[in-house]
1. Using Cα springs under 10 Å in a Gaussian network model of the chain, which residue among 397, 285, 339 shows the largest mean-square fluctuation?
2. Using only alpha carbon pairs under 8 Å that are at least six residues apart, calculate the relative contact order of region 297-407 and give it in whole percent.
3. Please work out whether region 236-390 counts as rounded, prolate or oblate from its C-alpha gyration tensor, where a ≥ b ≥ c are the square roots of the eigenvalues and a/c under 1.5 means rounded, while otherwise a/b larger than b/c means prolate and anything else oblate?
4. Just the number, please: carbon plus sulfur as a percent of the accessible area of region 16-90, 1.4 Å probe, no ligands or DNA/RNA counted.
5. With a 10 Å cut-off between alpha carbons and a GNM built on the chain, which of 228, 190, 168 moves the most?
6. What is the local net charge at residue 348, summed over the other residues whose Cβ is closer than 13 Å to its Cβ (Lys, Arg +1; Asp, Glu -1)?
7. Using a simple charge model, +1 on the beta-carbon of Lys and Arg, -1 on the beta-carbon of Asp and Glu, nothing else, what dipole does the chain show about its Cα centre, in debye to the nearest 20?
8. Cα centroid distance between region 1-58 and region 161-175, in Å?
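The values are calculated or read from the model by the stated rules, or taken from the named source; none is laboratory data. Just so it is clear, the model here is predicted, and its values are computed rather than measured. Virtual Cβ from ideal backbone geometry, glycine too; neighbours counted across all protein chains shown. In case anyone asks, the SASA skips ligands and DNA or RNA and just uses the protein heavy atoms, side chains included. Shrake-Rupley method; radii C 1.70, N 1.55, O 1.52, S 1.80 Å.
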Amino acid sequence: MNTDPRQLSIQDFTYHLPAERIAPEPLPQRDQSRLLVYRQGTITDQVFRQLPQELPSDALLIFNDTKVVRARLFAQKPTGGLVELFCLEPVAPHRAIEPAMQQTGACVWKCLVGNGKRWKSGPVTLSFTTADNQPATLTAQRGEVADGYSLVHFSWEPASLPFAEVLRAAGHLPLPPYLNRTDTAVDAVRYQTVYAAQEGAVAAPTAGLHFSDEVLAELTDRGIASGRVTLHVGAGTFQPVKAGHMADHAMHGEPISVSATLLRQLLAHLPRPVLAVGTTSLRTLESLYWLGAALLQDPTTPSWHVSQWQPYEQTTAPSTTEALEALLQHLQATGADILHATTQLLIAPGYHFRVANGLITNFHQPESTLLLLVAALIGPRWRDVYDHALAHDYRFLSYGDSSLLLP
């Protein structure tokens, strides 16, 4: 069973990260980043290109195929000042990301507003050129402000453009705030995974940035199976834990989508190892278990949401197979191919993993929920891993090096 992590102190999950160890740019080649391999307590140093040789031959790799949208917009006030609008999530007329990206004419999004003190009222505008070289204009009006966010009402001409096209043409990639620079043509390629497919993330699933077409081809050649899930990474992934104890930290929620095909693939593969490419893939896999467990507990009114504390409060614990089969049977009964849900799952020391056995991931910020997840997977030895990475000049955070964690 899971041990409740609410009394954990975040200060027990810190380390000194010198600024010069944060990678400011990607390396020239994706798969030439370094790879720290932690295998049952032993640490070795490799290059990411060697990853296929380091994996168990019977592993199933699960990738997050979300695609980062150009969610930062720089609009101009009538007086000439610039206002930054960082689109976080859709509000109206759609709350789900897929239909929101296809919305035409007008929409409302929850946004972070930069230079907001200078934007009291009235519209701000942004002129841009469409993919087929036509002039276009985006207008934004600021609505309700709450919890540091603003509801921003967008409208645009030509109104026939989907909002996805507006962002592609007018927006900028939302690089992590700690990089403290604007995006470049290099970022347009390298802050996406080579397998990105489903638009909707405002941050990259960075563990996947190291995979090149050559590495993916070698995985196939070696017979290592793979599957895809979608979790649209939210800005909350950069949110530091400010509370002294985890009980007072509110975990951000993110939308996930998983196909019936992937559920069948997992069921056929178990109990052989399932490895998550990135913390987002891992949280999606574990969330599937808790969605299935909740469905078994109450089949009549399924809640397609995993709350922050559900694993630590739920009294029944079906087998992994039972939970995944319940989800698959529900999809079959309703004639659906895709399971849509949201997750606020917090994975911290005391958590008992149900689906994933290992993780490919970058090196995370001190006092972050991502570091808590790593500590949950490999225990107190996370300190040895991070001490080794710091002592051996590994590069940290989004554009940094990688690790393969096999507890």
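1. 339
2. 28
3. Prolate shape, in that a/c is at least 1.5 and a/b is the bigger ratio.
4. On region 16-90, the fraction of accessible area on carbon and sulfur atoms equals 48 percent.
5. So, out of 228, 190, 168, the one fluctuating most is 168.
6. The answer is -2.
7. Dipole size: approximately 740 debye.
8. Taking the Cα centre of each part, region 1-58 and region 161-175 sit 32 Å apart.
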